[in-house]
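The values are calculated or read from the model by the stated rules, or taken from the named source; none is laboratory data. Source: prediction; values computed, not measured. Note: ideal-geometry Cβ built from the backbone for every residue, glycine included; neighbour counts use all protein chains shown. Keep in mind that these areas ignore ligands, DNA and RNA; they rest on the heavy atoms of the full protein, side chains included. Shrake-Rupley method; radii C 1.70, N 1.55, O 1.52, S 1.80 Å.
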Amino acid sequence: MKYRLVLLLFLGSLSPLFAQRQRVGQVPTEERNGFPDPMAPRDPNTAKSATNSNKSGRAALDDSTKMVYGPQTMSYFVEEDLLNGRGTKNSVDTTLNLFHRYLFQERSSFLTANLGNEGTAVRNLFLRKPDQIGAQMGYNAYLPYAFATDEVKYYQTKSPYSDVEYYLGAGGQTRLNFTFARNVDSLWNIGFEIQRLVSDKFLTDSKFKTGDQTLSGQWGVLLQTNFRTRNNRYRLLTHLNYFDVGIQDQGGIQLLNGLDPTSALKYVDNGALFTNSGVQSNDSFIKFHFYHEFIGFKGLQFFQRIDVENRMAKFRDLDFTANLSNAFYSKNFEVQQDSLYNENQWQSYAHQTGIKGVFRGFNYRTYFKQRYWDVNNPMARLNRNLLENYVGLFLQQKINDKIDFTAEGEYLIGSDYRLHATFVSPFFQVKASRLSVSPTVAQNWSYNASFRWDQSLENVLFDELTGTLDLHSKGVYFRPTATIQQIASYAYFDTLANAKQSADAIGVFRTGFSAGAKHGKFEWTSLVFANTKTGPDVIRMPGFVANASFALNVQYKKLLYMQFGVDVQHQSAYYADAYMSAIQQYHLQDRYEIPSFIQVDPYVSLRINRVRLFFKMQNATQGLLNNNYYTAYLHPAMARSFGYGVRWLLFD
């Protein structure tokens, strides 16, 4: 904890150094990309300054021009924008629209679930195809909270930019985010982002009784920079990503004295299954990512990516004997064992080199990639490693600004492949994909006191077709969608949390819509999905999910903007997965069908200049429409609670 605090204070001490200096009395010159251009004609009567004597041809920042800095004087892009030749400039969001949704589950449109509290293990409500091919570690329960490589924002600013977010909810659900970015000059931008997330227990265990209520704690640190040459022929993006999470696992509600899961929802002082507080999970990684490109001419460009990752996932249960007797674990492979340890260390190195280009609306990209990975179990003194070789191709034809067709493919030589095609028009979109993906390391290999297997599962085959209509008029939109999925050789974890593979294919059909409207001061948005499947019952998903937000906008003297609203979400009954913390996996359970529920969250949001605030009552109708509900087997959702948050954007 000490070195983390020192790191935070050190980064904070750098902020004054990043402040951009204001020069008074300097005649502004013509601007290039919003910055003073050193090559522009100068007033001969103006004395030379340090800026004018710059020999590098890179313009220093000049704040002398009278300008109100704000969202319009900064922008950001992600790596995909640059990779695909798009000159996209995204603006930071300053609206009140859905600002009150501060929890990770809420920001995912209620399409994910956790163990009832922010920072705990995450799963998707609906089956999603993998994002990439090749072997993966498979310990993914906490990764959604970390900064994702493809979502890192690279900034261009005309003044120092800061984004401060602070959210506090019941159960100690606290998140602090601080983002800072500034241009050193017109060609080079640097920045960082720090995230701290903590939450408290609401199930009683031995540490809870002594005043130690900490359930989870997370740190995320991202350092990023982007650079381009004056003629834009060379560009560079790079970032360093650190993530660390620690969880005091509780195992869910302990059912004593004939208490059943439904009756337990009536109480707010339930005890934890892990009563002695001897169970802990840790997951951490550090990743380095580097991308650069050189533009020979528009039709022939060279690019390269480099990724280095070092990760460690650990688990310990010092009360293994007691938790074995209460049936949390199903087996003990050791003759004498009073504790359970599981640790996996992962290292990977990947480089990708290729060419790309744009010619009259046609965009192409082809590459060769190598990846070496190694996973080690130090407790068992076992390891696995592999060198993978990939080739890939990306093609896009833009018919006009609103219609384009994209096709891409990637092949892991001798094993996996990924094919994807997309057609986009103003009125409809169609996406089709086919993937053959290696099972994860966790599915193929595990070694600890309770879970042991060493197997070679077959590749999982995903086919997916999605169609969406886009119907809209002034102030109203309606987007119906339908998805068909077929999965062969699906790998899953059974009711005993052992890795298995389905022999028969599984079919999934999901239809739904997103809709919304704005009329005068009133606005609303909604998202609805109905889901059904065929084949073996090894994927558990709710049959119906819906959520909506209704809001009334009020303005006071052009200074204060207020939004009074209510969030409503509904989920049908189904056999939601249980969670096995020892191997960081959700798995099937047939013991209890999670009841359906309706949750209502009234809120008030405010905006004063560049400061936004919200106040929210979560699960306000608990005990009225229904009792509390479960997000996973024996893990109740957060009871009725109050939360608030503030976000402040600074541009100078």
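Taking the range 554-589 only, how many residues are outside any loop (DSSP other than H, G, I, E, B) and either crowded, with 19+ Cβ neighbours inside 10 Å or in contact (Cβ under 8 Å) with a residue 24 or more places away in the chain (or both)?
Looking only at the range 554-589, we keep the residues that are outside any loop (DSSP other than H, G, I, E, B), and these are 554-556, 560-571, 574, 578-580, 585-587.
Checking the rest, the ones that are also either crowded, with 19+ Cβ neighbours inside 10 Å or in contact (Cβ under 8 Å) with a residue 24 or more places away in the chain (or both) come to 554, 560-571, 574, 578-580, 585-587.
Count: 20.
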Just a yes or no: is a residue in the range 295-306 open to solvent by 80 Å² or more (accessible area, probe 1.4 Å) and outside any strand (DSSP E or B)? yes
Looking only at the range 124-156, filter to residues that are within 15 Å of VAL460 (Cα to Cα) and open to solvent by 20 Å² or more (accessible area, probe 1.4 Å); which one of those is nearest to the chain's Cα centre (by Cα)? ASP131
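Just give me the residues in the range 98-123 being open to solvent by 50 Å² or more (accessible area, probe 1.4 Å) and touching a residue at least 12 places away in the same chain (Cβ under 8 Å), in sequence order.
LEU98, PHE104
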Of ASN183, ASN189, ASN231, the only residue that is over 30 Å from TRP648 (Cβ atoms) and either in a strand (DSSP E or B) or polar (S, T, N, Q) (or both) is ASN231
All-but-one check, GLU458 against (1) in contact (Cβ under 8 Å) with a residue 40 or more places away in the chain; (2) surrounded by 15 or more Cβ atoms within 10 Å (Cβ to Cβ); (3) of a type outside the set (Phe, Trp, Tyr), failing number (2)
For PHE651: the one exception among (1) touching a helix residue (DSSP H, G or I) at 6+ places or on another chain (Cβ under 8 Å); (2) open to solvent by 40 Å² or more (accessible area, probe 1.4 Å): (2)
Condition first: assigned to a strand (DSSP E or B), open to solvent by 20 Å² or more (accessible area, probe 1.4 Å), touching a Phe, Trp or Tyr at 6+ places or on another chain (Cβ under 6 Å) and more than 24 Å from PHE529 (Cβ to Cβ). Can you find one or more residues in the range 599-608 that meet it? yes
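Looking at the range 104-116, can you tell me whether even one residue there is aliphatic (A, V, I, L, M), assigned to a loop (DSSP other than H, G, I, E, B) and either in contact with a Cys (Cβ under 7 Å, 6 or more places away or on another chain) or at pLDDT 90 or above (or both)? Spell out the reasoning first.
Within the range 104-116, the subset aliphatic (A, V, I, L, M) is 111, 113, 115.
Subset that is assigned to a loop (DSSP other than H, G, I, E, B): 111, 115.
Next, only the ones that are either in contact with a Cys (Cβ under 7 Å, 6 or more places away or on another chain) or at pLDDT 90 or above (or both) stay: 111, 115.
Yes; the residues of the range 104-116 include at least one that is aliphatic (A, V, I, L, M), assigned to a loop (DSSP other than H, G, I, E, B) and either in contact with a Cys (Cβ under 7 Å, 6 or more places away or on another chain) or at pLDDT 90 or above (or both).
Is it true that some residue in the range 469-489 is among the hydroxyl-bearing types (Ser, Thr, Tyr), loosely packed, with under 14 Cβ neighbours inside 10 Å and over 30 Å from SER446 (Cα atoms)?
Quick first cut of the range 469-489, residues among the hydroxyl-bearing types (Ser, Thr, Tyr) only: 473, 477, 481, 483, 489.
Applying the additional criterion that residues be loosely packed, with under 14 Cβ neighbours inside 10 Å yields 473.
In the following step, the residues that additionally are over 30 Å from SER446 (Cα atoms) were identified as 473.
The answer is yes, given that some residue of the range 469-489 is among the hydroxyl-bearing types (Ser, Thr, Tyr), loosely packed, with under 14 Cβ neighbours inside 10 Å and over 30 Å from SER446 (Cα atoms).
Going through the range 623-652 one residue at a time, which ones are in contact with a Phe, Trp or Tyr (Cβ under 9 Å, 6 or more places away or on another chain) and free of Cβ contacts under 8 Å to residues at least 60 places away in the same chain? Break it down stepwise before answering.
Of all residues in the range 623-652, those in contact with a Phe, Trp or Tyr (Cβ under 9 Å, 6 or more places away or on another chain) come to 625-630, 632-639, 642-652.
Correct list: LEU625, ASN626.
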Per the filter on the range 384-408, residues more than 23 Å from GLN132 (Cα to Cα) and surrounded by 13 or more Cβ atoms within 10 Å (Cβ to Cβ) are GLN397, LYS398, ILE403, ASP404
For the structure I just gave you, tell me whether ALA551 is part of a loop (DSSP other than H, G, I, E, B) and open to solvent by less than 20 Å² (accessible area, probe 1.4 Å). no
Could you tell me how many of the residues in the range 307-333 are farther than 25 Å from TYR367 by Cβ, assigned to a strand (DSSP E or B) and open to solvent by less than 40 Å² (accessible area, probe 1.4 Å)? 3
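Here's a check for you: in the range 639-648, which residue that is within 30 Å of ASN183 (Cα to Cα) and of a type outside the set (A, V, I, L, M) is least open to solvent (accessible area, probe 1.4 Å)? Walk me through it before giving the result.
Taking the range 639-648 first, the residues within 30 Å of ASN183 (Cα to Cα) are 645-648.
Okay, now just the ones that are also of a type outside the set (A, V, I, L, M), so 645, 647-648.
On the way: GLY645: 2, ARG647: 41, TRP648: 128 Å².
That would be GLY645.
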Cβ-Cβ below 9 Å, separation at least six or inter-chain, first residue in the range 391-404 and touching a residue at least 24 places away in the same chain (Cβ under 8 Å), second open to solvent by 40 Å² or more (accessible area, probe 1.4 Å) and of a type in the set (Asp, Glu): which pairs? GLY392/GLU408; LEU393/GLU408; PHE394/GLU408; LEU395/GLU408; GLN396/GLU408
Pairs, first without any contact (Cβ under 8 Å) to a residue 24 or more places away in the chain in the range 592-607, second open to solvent by less than 30 Å² (accessible area, probe 1.4 Å) and not hydrophobic (A, V, I, L, M, F, W, C), C-beta under 7 Å, six or more apart: GLU593/TYR574
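Within the range 180-214, how many residues are of a type in the set (D, E, K, R), over 13 Å from GLN250 (Cα atoms) and in contact with a strand residue (DSSP E or B) (Cβ under 8 Å, 6 or more places away or on another chain)?
Residues of the range 180-214 of a type in the set (D, E, K, R): 182, 185, 193, 196, 200-201, 205, 207, 209, 212.
After this cut, where a residue has to be over 13 Å from GLN250 (Cα atoms) as well, the list is 182, 185, 193, 196, 209, 212.
If we keep only those that are in contact with a strand residue (DSSP E or B) (Cβ under 8 Å, 6 or more places away or on another chain) as well, we get 182, 185, 193, 196.
Selection size over the range 180-214: 4.
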Name the residue that is nearest to ASN177 (Cα to Cα), counting only residues in the range 611-638 that are outside any strand (DSSP E or B), within 25 Å of the chain's Cα centre (by Cα) and not hydroxyl-bearing (Ser, Thr, Tyr). MET638
Could you list, in sequence order, all residues of the range 334-368 that are among the small types (Gly, Ala, Ser) and either crowded, with 16+ Cβ neighbours inside 10 Å or under 19 Å from SER581 (Cβ atoms) (or both)? SER339, SER348, ALA350, GLY354, GLY357
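From the list TYR372, TYR411, which residue is more than 30 Å from SER330 (Cβ to Cβ) and surrounded by fewer than 16 Cβ atoms within 10 Å (Cβ to Cβ)? Even if it seems obvious, please write down each step before you answer.
Values: TYR411 fails: surrounded by fewer than 16 Cβ atoms within 10 Å (Cβ to Cβ).
Just a single option satisfies the conditions, and that option is TYR372.
Enumerate the strands (runs of 3 or more DSSP E) found wholly within the range 446-508, keeping only those where 1 or more residues are among the acidic types (Asp, Glu) and over 20 Å from LEU419 (Cα atoms).
Numbers: elements: 452-454, 460-469, 471-473, 476-488, 491-493, 499-501.
Of the strands (runs of 3 or more DSSP E) lying wholly inside the range 446-508, those with at least 1 residues that are among the acidic types (Asp, Glu) and over 20 Å from LEU419 (Cα atoms) span 452-454.
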Under 6 Å by Cβ, and 6 or more places apart or on different chains, what pairs join a residue from the range 266-280 that is touching a residue at least 60 places away in the same chain (Cβ under 8 Å) with one that is of a type outside the set (Val, Ile, Thr) and in a strand (DSSP E or B)? VAL279/ASP317
